[in-house]
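The values are calculated or read from the model by the stated rules, or taken from the named source; none is laboratory data. What you see is a predicted model, and the numbers here were worked out from it, not measured in a lab. Quick reminder, even Gly has a Cβ in these numbers, built from the backbone with ideal geometry, and neighbours come from all protein chains shown.
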Amino acid sequence: MTNTSTEEFPEVTLDMLPPADAAALLLGESPAAIEATLRALPADAAISIAANLVAQKELDSDLDHSLEPARAIVGNVGDLMVDAIGELTPGTTVAAGIDYVVRTHPVTPLTYLYIVDEEKHLLGVVAMRDLLLARPGQILQDIMVPAPFVFAPDTILPEALKSALAKRHRVYPVVDSSNKLLGMVYSWRLFEYVATELSGQLGATVGLDREERSSTPIWRAFLMRHPWLQVNLLTAFVAAFVVGLFEDTIAQIVVLAVFLPVLAGQSGNTGCQALAITLRSLAVGELEEHSMTQLLRKEVVLGALNGFFVGLVAAAAMYFYSTMTGAADALTLALVVLIAMVGACIGSGLFGVLVPLTLRRFGADPAMASSIFLTTFTDILGMGLMLFLATSLLL
């Protein structure tokens with residue numbers, strides 16, 4: 001990064017700004033300048049700003065190209081690893097270590113000194129603060145942190161992310177099975193990967209290919225999108241078939257047709273909320289086998305609460321609308337709406353968790369077109385439940 005850019009975006013200024021504001025300021029910089037600035041920041045600040053960079057809707061084309069490699073990352077820590085900087089022997093004095101730091105150009109990438117033996121086995125790390133506060137005659141072995149936290153090159157990225165969230169270091173050494181230092185990986189690169197994965201899920205949930213961009217040719221974009229629209233059409237036919245089974249009920253109680261879109265919309269939103277949480281948990285590796293039951297239980301309770309309180313408003317609206325239009329059994333219709341809303345919201349919350357998990361179980365992308373299947377399930381459940389209750393109680 002040039003001197004002008006460093007003066008324009010000093011570390012302390014970006015560190016003090018909210019992450020979204022800092023990301024907005026960085027949007028005008030070149031990809032190389034952005035990378036250098038993020039490397040110079042503390043780990044927490046760099047992580048937050050990197051995530052917000054992807055979320056900015058006004059992201060310019062240069063930055064979009066700079067994030068292009070991260071979009072393709074689907075592998076492990078070795079894919080993000082760079083050569084280690086600052087390898088010294090345990091017998092090196094503090095004075096010699098400081099001299100090494102001063103002579104390193106640029107000095108910005110130096111976060112730790114890696115203490116290695118002759119075969120490059122990692123023995124420990126020395127932080128810059130400890131180096132500067134130590135006595136010049138001490139050797140690095142006396143002030144190093146032995147057995148530091150490390151990554152293996154084949155550590156999958158979701159697992160690396162979980163560790164990075166817990167450790168909060170700025171950079172991590174990467175070693176092989178014999179503890180030989182292979183390189184290092186910056187924490188901001190791990191979180192950049194997650195940010196791009198989450199941004200890609202927004203389109204994937206409605207059938208957009210993760211590789212499609214605004215510059216993608218029309219024919220290729222058509223081939224990426226159209227198959228999922230056909231799937232959506234087929235699932236819509238299924239929902240229409242369920243409604244058709246209760247055609248006589250709708251014909252006799254016309255007021256039900258007015259509230260079917262209300263029920264479908266509310267249950268669909270509930271399912272999308274659960275879906276978003278599930279996809280986020282899968283992306284960052286938070287959702288393990290033991291926590292899936294807790295998440296399902298949570299969505300059942302939330303669905304019941306949301307469905308009940310939203311259902312009260314919808315039931316009141318049904319009662320007053322039925323009364324105004326002269327429909328019979330207005331109170332029973334209101335009760336039907338309330339029960340259907342509670343049941344639909346509980347079911348849609350469960351579907352929001354189970355749909356992506358089912359896709360993953362069968363080896364498919366959990367995010368790919370999840371909302372298409374979710375919408376179908378919630379429509380069938382919500383509208384089918386309302387019409388079934390109306391048929392059972394009123395006809």
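Rundown of residues vs (1) modelled with pLDDT under 90; (2) in contact with a helix residue (DSSP H, G or I) (Cβ under 7 Å, 6 or more places away or on another chain); (3) surrounded by fewer than 22 Cβ atoms within 10 Å (Cβ to Cβ); (4) more than 30 Å from residue 291 (Cβ to Cβ), yes/no style:
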{"position": "320", "(1), (2), (3), (4)": "no, no, yes, yes"}
{"position": "328", "(1), (2), (3), (4)": "yes, no, yes, yes"}
{"position": "337", "(1), (2), (3), (4)": "no, yes, no, yes"}
{"position": "359", "(1), (2), (3), (4)": "yes, yes, yes, no"}
{"position": "362", "(1), (2), (3), (4)": "yes, no, yes, no"}
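Here the condition is being in contact (Cβ under 8 Å) with a residue 60 or more places away in the chain and either surrounded by fewer than 17 Cβ atoms within 10 Å (Cβ to Cβ) or of a type in the set (Val, Ile, Thr) (or both); of 346, 277, it holds for 277 alone. Pick from the range 75-103 the residues that are of a type in the set (Gly, Ala, Ser) and more than 18 Å from residue 170 (Cα to Cα): which of them is surrounded by the fewest Cβ atoms within 10 Å (Cβ to Cβ)? Out of the qualifying residues, it is 91. Among the residues of the range 151-163, just one is buried (at least 18 other Cβ atoms within 10 Å of the Cβ) and under 27 Å from residue 97 (Cα atoms), namely 151.
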